[in-house]
1. Residue under question is Tyr88, and the condition is that it be on the phi < 0 side of the Ramachandran plot and crowded, with 24+ Cβ neighbours inside 10 Å; does it hold?
2. Which pairs do you get when a residue that is closer than 27 Å to Tyr88 by Cβ, found in segment 730-756, comes within reach of a residue that is modelled with pLDDT under 65, reach meaning Cβ atoms under 6 angstrom, with the pair 6+ apart or on two chains?
3. Answer yes if at least one residue in segment 669-682 is charged (D, E, K, R), outside the structural domain of Lys505 (by TED's automatic domain parsing) and surrounded by 14 or more Cβ atoms within 10 Å (Cβ to Cβ), and no otherwise.
4. If I ask for residues that are free of Cβ contacts under 8 Å to residues at least 40 places away in the same chain and polar (S, T, N, Q), which ones from segment 616-674 would you list?
5. Evaluate the following for Ile155: is it farther than 21 Å from Thr324 by Cα and either at pLDDT 75 or above or in a loop (DSSP other than H, G, I, E, B) (or both)?
6. For segment 701-713, state whether one or more residues are out of contact with any His (no Cβ under 7 Å at 6 or more places or on another chain), modelled with pLDDT of 85 or more, farther than 23 Å from Asn506 by Cβ and not in a helix (DSSP H, G or I).
7. Kindly provide the set of residues from segment 342-366 that are surrounded by 20 or more Cβ atoms within 10 Å (Cβ to Cβ) and among the polar types (S, T, N, Q), ordered by number.
8. Please determine, by comparing only the residues of segment 1-26 that are modelled with pLDDT of 70 or more and of a type in the set (A, V, I, L, M, F, W, C), which one is nearest to Val212 (Cα to Cα).
Amino acid sequence: MAARTEVHSELSRDLNLFHVTMMGLGMMIGAGVFLGIGNCIGLVGPGGLLLTFALNGVIALFTAMSYAELSSAIPRAGGAYNFARIGYGRQASFIAGWMEWFASSVAGAMYAMTFSLYTMRFILTTWLKLDISENTFGLVVKAAAVGAAVLFIYINYRGASETGKIGAIVTLLQTAFMFVIGIIGVIIAIKDPSRLANFHDFIPHGWLKLAVTMGAIYVAFEGYEVIAQAGDEVSNPKKNLPKAMLLSVLVVTLTYVVVTFATIVAVKAGPGLTVAGKQVQPWQWIGSFNEEGFRHAVGRMIPYANLLLTLAVIFSSTSALNATIYSGTRASYALGRDAMLPKAFARISGSRKTPWFALIMTGVIVICLAGLFPIKEVQAAASLTFLVLFFLVNLCVIKIRRSMSDELTYGYLMPLFPLFPILAIICQLTLVFFMHEFSVSALVTAGTWLIFGFIVYWLYSRFHAVATEDEIHVLEEEAAVTVEPGKARVMLAVANPANALSMVKNTYKICSQKKASLELIHMVPVPDLVPLTDADKYLHEGKEGITETILYLGGHFDVSSTLRYCRNIARGILSALRQKKINLLIMGWHGRRNNGLFSVGSTVDPLLESSPCDVIIMKNCGDREYENILVPVAGGPNSKLALETALTLASKKTKVTLFSVVNGRSFDPSTLLTLNLKEFGVRPENVSAKSVPSHDVKQAILDEAESYDMMIIGASNKPMLSHVFHGTLPEEVAEVCDKPLIMVSANRGLRSWIRRWI
């Protein structure tokens, strides 16, 4: 009998740069501008509305750069879900994917409702001239919106090729219509400059209202993220994905600003503009029509406006609806692919190569929202969920660049990193804060979905999620006897036998002084091209180092050991520190890293920055006693930990010298001599303090070290971002010092927590 061969379905790569750029444009140039102009101009005024679109475009460009960088390095379906999985782990990634699924589905419902509203208004009142009540008209709009959603669910089922090609054609037509409206508005303003007086009440209700309207219509700028969802289906994704994202944001921002300008100058001021019998300004008149204000304004500007605008809405809303259904489907597909949701979400049609079950579930959400909720509330809920989603992506780009730059190959790197994602984070938090002034129900809706997501994760996803190549995997683990509650826990990172034995004696002293249990860890350095199933072939060296270390310790401590696989050693150790609630990490020095992206001092810098515990780094320490230990100090928790480490390692005859360099500011090292020296078994006369003046701190420390046989120095206390641009003094000293050296970093409470998570 012939052996059976299992056939797997996978997504096809047949979308090029033009297709995915048009996909992003089609999702952005849609209901956001049509609804946003009428809904927001009455709140923020004509000038404020123009600034709303311009400033939102700037924020969108900042976030698009984050998406572009991450998508160029991680070109897989799932977008923000994948970024959060790699940057922050399973729970964060599930919430990101869960919110992206909902945000895309809400936006899809909004686009379907916009298409239905404008189209049915034209057909029933302008073309057929029917006199129907607003209640009846509302029911017709809901039915048409559901019909449009069903149609584009089917189009998406036809496959990515059809989705991209149909979307590209529709987007070209819609962009042409929008530019025609914008150009006509500019021409009218040139011919009749008096219309520029419509901007005199620039921001009539104050500048804070600008933040409210920016948050309310931010959904108009979502769309570039759908390009990230096409990562599995784009040709040359590392180049085409970033280009498409940045191009789409630039084009849509220009389009929105021109169209908004045209809308404001379209209405000529005069006695004919009245609301409830009272004469008003043009911007007030436009705002009185709410979501249909754009249609009424353009109707004053050009002949056959209703027909032209209806065609523009048809093209823009349907292409955006098409793209949002695509995006939501790919987000839920990624959750199913990694078993965050039931495996049915990852089922791909063998003939169409599309994730059909994920498409059906996305369609159900779109249809329910389009059929049941008011359009203004749907718009606000979409904006809010996208703001939260983009906030998380901006956090991810900083975390991933800092912690995983050695593991990823980037096709695009944003300039001036991390300036733009930090600015985007600040702006997005501000807009979310002011959202309650526009729609409380949007906050309730998004919050309910978020809470439901946490429930799904804790009841299902965390038990079923499959491991990915980006995660840390435990290959072998041998537990010690149960550690007593409250007992200190020390972890020794074992790189190889020689490295381990050179640190054992000092580790022994530290564990004895702290009465601590000891955890030995070895991160298995499996090459990138080697599958995880072959990782056990690389275990020998780590097992040998751990075995020799345990034998050398002679059973004096409770010792556990673990061997783990991870592409990045520092990230794997950090994961183990958090999981095992370690109080102190001890490891060897591995030299300076220069990867061409940015300088962060040495290869141990991620551990010094992000560790949830104290860290001790040893360089060339060996198995010997030290007669003279130099401890350079400048104040702060690291100086205290350096002194404690020196006292722990000192013998009864060892001389310990606290050393400071007077350079602009004065620090008295003797202020640290408040420790109970008897606790460490050190005589008071063997500990002294010394200060010298010098303009070159680094050289003064190195010169002083010549008279000692060991140096123990605290890591830098500089702000987090300073390490991005240059190394720090302790790392520079450690790099060139040829003496046995120990660098220490103390856990600093809130600051350490911020470093770990950001």
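The values are calculated or read from the model by the stated rules, or taken from the named source; none is laboratory data. Since this is a predicted model, take the numbers as computed values, not measurements. Every residue, glycine as well, gets a Cβ built from its backbone with ideal geometry; the counts of neighbours run over all protein chains shown.
1. Here the answer is no, as Tyr88 does not meet what is asked.
2. Hits for this filter: Glu731/Gly601; Glu731/Ser602; Arg755/Met720.
3. No: segment 669-682 contains no residue that is charged (D, E, K, R), outside the structural domain of Lys505 (by TED's automatic domain parsing) and surrounded by 14 or more Cβ atoms within 10 Å (Cβ to Cβ).
4. Scanning segment 616-674 gives Ser651, Thr654, Ser660, Asn663, Ser666, Ser670, Thr671, Thr674.
5. The answer is no for Ile155.
6. The answer is no, given that none of the residues of segment 701-713 is out of contact with any His (no Cβ under 7 Å at 6 or more places or on another chain), modelled with pLDDT of 85 or more, farther than 23 Å from Asn506 by Cβ and not in a helix (DSSP H, G or I).
7. Hits for segment 342-366 are Thr354, Thr362.
8. Leu25
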